[in-house]
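What follows is a short report on a single structure.
The values are calculated or read from the model by the stated rules, or taken from the named source; none is laboratory data. Please read all numbers here as calculations on a predicted model, not as lab measurements. So basically every Cβ, Gly included, is an ideal-geometry build from the backbone, and we count neighbours across all protein chains shown. These area figures cover heavy atoms from the full protein model, side chains too; ligands, DNA and RNA do not enter into them. Shrake-Rupley method; radii C 1.70, N 1.55, O 1.52, S 1.80 Å.
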Amino acid sequence: MAAAAATPVRFSNANINRSASAQQFSWERGVPVNAFWDGIDWVSSIHFLGNFSDEERLELPIDPDSTASTNDKVKLLISLLGAKLAKDEATAAPNSLAETQPKAWRSLVHAKYVLQSRLGLVADAGQSIRRLVEHFGDTDDVLQQSLADQLVKEGDYAQAEKIMGPVVAILDSEMTKASPQAIGSRRSLLSAIWKQGPSRRADAEEVVAEIKQSIQGMVGTKYDVYVKAEEEELDKVLARLAE
């Protein structure tokens with residue numbers, strides 16, 4: 001009997017889809033290509049899927065041919081994360097999941113934050129990310145960047161900028177400026193500065209120049225596959241900020 005055909009997957013951008021070596025980056029994960037997942041952005045998808053084993057995914061009440069709206073699909077994913085969180089908390093009792101399996105708890109709650117944020121559920125997203133920051137402190141760069149993004153949505157731009165300064169410096173050092181992570185952190189910093197108004201526009205333009213320089217710094221390196229996607233993402237951010 002012939003083996004079942006592998007489910008096609010997509011990665012963070014089209015160039016990664018075509019590069020077997022780039023797919024080996026630790027942060028790259030495949031998202032199924034079907035009617036359900038095609039309507040949901042890659043970042044939201046991987047945060048959800050990373051919380052379930054292959055066996056668990058088969059049991060999820062997700063219709064691959066779903067014609068539901070993207071918002072309804074994301075609402076379903078949030079409810080499924082909530083159900084898994086409740087189940088795992090019950091298993092961990094009488095202790096909390098945050099105490100017995102902190103990495104699993106962090107992943108579940110952060111995925112909820114990402115999906116809540118995508119839906120524009122600002123209050124719910126704020127509650128989720130603050131639960132994590134209160135537990136793990138200010139040493140987790142990913143959580144700090146998520147908190148800064150949340151603060152931008154809440155209108156606390158100066159505090160978001162204060163948080164992102166150290167995060168940018170750390171990622172520059174650990175990943176180099178010409179890396180997807182460092183560029184992403186500068187986009188968060190850019191939003192925080194730009195939204196403080198015309199008086200900070202010159203500072204924001206300096207960050208834009210740094211981002212463009214970092215993107216060009218990717219050319220010819222192992223991160224070359226991200227150049228086009230990063231250029232497009234910067235254009236999208238600038239368009240939103242100009243509205």
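So here's what we get for this one:
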item	result
Residue check, MET175 over 20 Å from the mean Cα position of the chain (by Cα), surrounded by 13 or more Cβ atoms within 10 Å (Cβ to Cβ) and of a type in the set (A, V, I, L, M, F, W, C)	no
One residue from VAL122, VAL74, VAL133 being touching a helix residue (DSSP H, G or I) at 6+ places or on another chain (Cβ under 6 Å), within 22 Å of PRO32 (Cα to Cα) and not aromatic (Phe, Trp, Tyr)	VAL74
Every residue from segment 122-138 that is assigned to a helix (DSSP H, G or I), under 15 Å from ALA98 (Cβ atoms) and not polar (S, T, N, Q)	ILE129, ARG130, ARG131, LEU132, VAL133, GLU134, HIS135, PHE136
Some residue of segment 194-211 being aromatic (Phe, Trp, Tyr), surrounded by 22 or more Cβ atoms within 10 Å (Cβ to Cβ) and touching a residue at least 60 places away in the same chain (Cβ under 8 Å)	no
Looking only at segment 139-164, and only at residues there that are open to solvent by less than 70 Å² (accessible area, probe 1.4 Å), among the charged types (D, E, K, R) and not in a loop (DSSP other than H, G, I, E, B), the one that is nearest to ARG201 (Cα to Cα)	GLU161
Members of segment 212-229 that are open to solvent by 70 Å² or more (accessible area, probe 1.4 Å) and closer than 18 Å to SER185 by Cα	LYS212, GLN213, GLN216, LYS228
Residue that is least open to solvent (accessible area, probe 1.4 Å) [pool: residues in segment 111-138 that are free of Cβ contacts under 8 Å to residues at least 24 places away in the same chain and either farther than 20 Å from MET164 by Cα or of a type in the set (A, V, I, L, M) (or both)]	ILE129
From GLN213, GLN196, residue being over 17 Å from ASP141 (Cα atoms), out of contact with any Ser or Thr (no Cβ under 7 Å at 6 or more places or on another chain) and in a helix (DSSP H, G or I)	GLN213
